[in-house]
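Chemist: Sending over a structure as structure tokens; questions will come in a sec.
Only the coordinates and a few stated rules stand behind these numbers; no lab work does. Since the model is a prediction, treat every value here as computed from it, not as a measurement. Cβ coordinates were reconstructed from backbone atoms using ideal geometry, including for glycine residues, and neighbour counts include every protein chain displayed.
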Amino acid sequence: MNLDQQARAILRGNDKGGYTVPTHGLYPYQWNWDSAFAAWGFSTFDVPRAWDELDTLMASQWSDGMVPHIIFHQDDPGYFPGPDVWNTGQTPPTSGISQPPVAATMARQIWEVDRDAGEARMRALFPKLLKWHRWWHEFRCTHGPAAITHPWESGRDNCPDWDKGMEGVDGSGVGEYTRRDTGHVDASMRPKKEEYDRYITMVQFGVKVGWDQARIVAEGPFLMADPGITFILLRGHEDLAVMGRALGEDVSEIEGWTHQLRNALPLIWNPELRAYDAKNLLTGEFAGVLGSGAFMAYLADASNPELDAELLRVWDAVNYGIPSADPEASIFDPRRYWRGPSWPFANALMAIGLRDAGRDDLEERLRRETAALIEAHGFYEYFDPIDMTPCGGADFTWTAAIWLTWAGKDVAETHQKGAA
Ligand code: GLC
């Protein structure tokens, strides 16, 4: 099987019927932004299945508009924290936080494959996406930029951006629990125990206030502005507005949100870092570390020469893709999850931004480096950006998806020619 065929087989193999698991074992449920990428991948060979993926995701939208980060379609004792810990009272059970709103951007990619065929599907999805974007403004953009109430909400779980906010969370009263992630992959590649105690404490707070999102923002132990989500949301608004206009919908509310978010960008620009930076909204303090969320700025037409220089500095310090943390900072750890590794799907997202910013040279470099990782080792969750060591779960859905949509494009053509 060539890599295209392998990638399609991974998507089919991780398909549980209407939704796709990120990988078997480690992540046995439906994850929000993974699903959006899965849909993008399916759109290269089965467009109706791509729309189904987004429909299944949006079907678990809460009445307040939130689209949860995990949907627990069926019980799996191999995962912690499961539905009993989150205890959100939803059917099917879900977690109580959200994840980066890439669904509108991925919906647009699918819609662009065949606008006519996609019109009815998009028309059904539009009000749900609109409601979710409204939720972000009502419950997460209360201080201007998009904020997160739990590091997992950022999708970049243990990246250094959240260290300052995590220090303020007292994890000492968490009680006994057994992690499952370290039973699937090497503990040195996963978050540490002190971090996990705090993660679970934050979940326990949500349960205590009955997942009242306004109370979680106002009284919870953790609240940080996330540049990554801020830019993804801005980009999502733009994509939603384009589709809305084509459908004849009124998009003035979306335009208003875009305006508000753009006005908030100076609040997350850290002049000392010469980059966008996460900020602890409980103390007003910047994170003070350059994380990959800053480079999502390219997605939202919000880059500038200083950020360009920082991007090249961190990128030139490694060999394969854009690292998830600054290789020149003391916290850099090339195999520990979001503290250094190169993530193929995140590279693909940044590539959309680079391409739209007219940086075709950088997009092509990123594509070549990402493809090299997959060609050498297969469809892993993430990789050591210096020596290519594959890390985390194997046969990963979004890695396969971005191979089909982006990383493998030229390479696949070459392979096909070679085979002919
Ligand atoms: C981890 C990642 C998150 C992803 C999930 C499933 O929690 O940090 O971004 O959605 O795994 O792949």
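Chemist: Using the eigenvalues of the Cα gyration tensor, what equivalent ellipsoid semi-axes result for region 254-387 when each is taken as the square root of five times the eigenvalue, whole Å, largest first?
Modeler: Gyration-tensor ellipsoid for region 254-387: 25, 18, 13 Å.
Chemist: Okay, next question. At 0.36 nm per residue, and after removing the present C-alpha to C-alpha distance, how many nm does the segment from Lys193 to Glu167 gain when stretched out fully?
Modeler: Between Lys193 and Glu167, full extension yields 8.0 nm more.
Chemist: Hey, rough spin-label estimate for Asn304 and Ala376, points 7 angstrom out along Cα→Cβ, what's it come to in nanometres?
Modeler: Between Asn304 and Ala376, the simple spin-label model gives 3.6 nm.
Chemist: Translational diffusion coefficient, Stokes-Einstein: compute it for the chain using the Kirkwood radius over C-alpha pairs as Rh, at 20 °C and 1.002 mPa s, and state it as an integer in µm² s⁻¹.
Modeler: Translational D for this selection: 100 µm²/s.
Chemist: What are the GluC sites (Glu not before Pro) within region 156-209 that DSSP puts in a loop, where the Cβ has at most 15 other Cβ atoms within 10 Å?
Modeler: Glu176
Chemist: Now a separate question. In the Gaussian network model of the chain, springs joining C-alpha atoms below 10 Å, which of Pro93, Pro227, Pro323 carries the largest mean-square fluctuation?
Modeler: Answer for the Gaussian network model of the chain: Pro93.
Chemist: Could you compute the FRET efficiency for Leu267 and Ala9, with r as their C-beta to C-beta distance and R0 at 56 Å, rounded to 0.05?
Modeler: For Leu267 and Ala9, the calculated efficiency is 0.80.
Chemist: Roughly how big is region 70-193's charge dipole about its Cα centre, with Cβ charges of +1 (Lys, Arg) and -1 (Asp, Glu), in debye to the nearest 20?
Modeler: 340
Chemist: Based on DSSP H runs of at least 4 residues, each adding -39500 (n - 2.57), what is the mean residue ellipticity at 222 nm of the chain after dividing by all its residues, to the nearest 500 deg cm²/dmol? If you can, show how the numbers build up before the last one.
Modeler: Numbers: 17 runs with 200 residues, N = 420.
When only DSSP H runs of four or more count, the value is -14500 deg cm²/dmol.
Chemist: Separate question: Over region 152-294, how many percent of alpha carbon pairs lie in each 10 Å bin up to the one with the longest distance?
Modeler: For region 152-294, the binned pair fractions read 10, 31, 32, 20, 7, 0 percent.
Chemist: Across the chain, how many lysine pairs, 8 or more apart or on two chains, come within less than 25 Å at their alpha-carbon atoms?
Modeler: So the count of such lysine pairs works out to 10.
Chemist: Looking at the chain as a GNM with Cα springs under 10 Å, which of Gly392, Gly284, Gly65 has the largest mean-square fluctuation?
Modeler: Between Gly392, Gly284, Gly65, it is Gly284 that shows the largest mean-square fluctuation.
Chemist: What per residue convex hull volume, in Å³, do the alpha-carbon atoms of region 1-154 yield?
Modeler: Cα convex hull per residue, to the nearest whole number: 120 Å³.
Chemist: Could you give the length gained by full extension between His24 and Leu247, i.e. 0.36 nm per residue of separation minus their alpha carbon distance, to one decimal place?
Modeler: Stretched out fully, the His24 to Leu247 stretch lengthens by 76.5 nm.
Chemist: Need the full-extension length gain, Glu219 to Thr142, defined as separation in residues times 0.36 nm minus the C-alpha distance. One decimal, nm. Walk me through the numbers before you get to the answer.
Modeler: Numbers: separation 77, 0.36 × 77 = 27.72 nm, distance 1.34 nm.
Going from the current span to full extension adds 26.4 nm.
Chemist: Which FRET efficiency value, to the nearest 0.05, is calculated for Asp46 and Asp410 with the Förster distance at 25 angstrom and r the Cβ-Cβ distance?
Modeler: 0.65
Chemist: Could you grab the relative contact order for the chain? Cα pairs under 8 Å, six or more apart, rounded to a whole percent.
Modeler: 18
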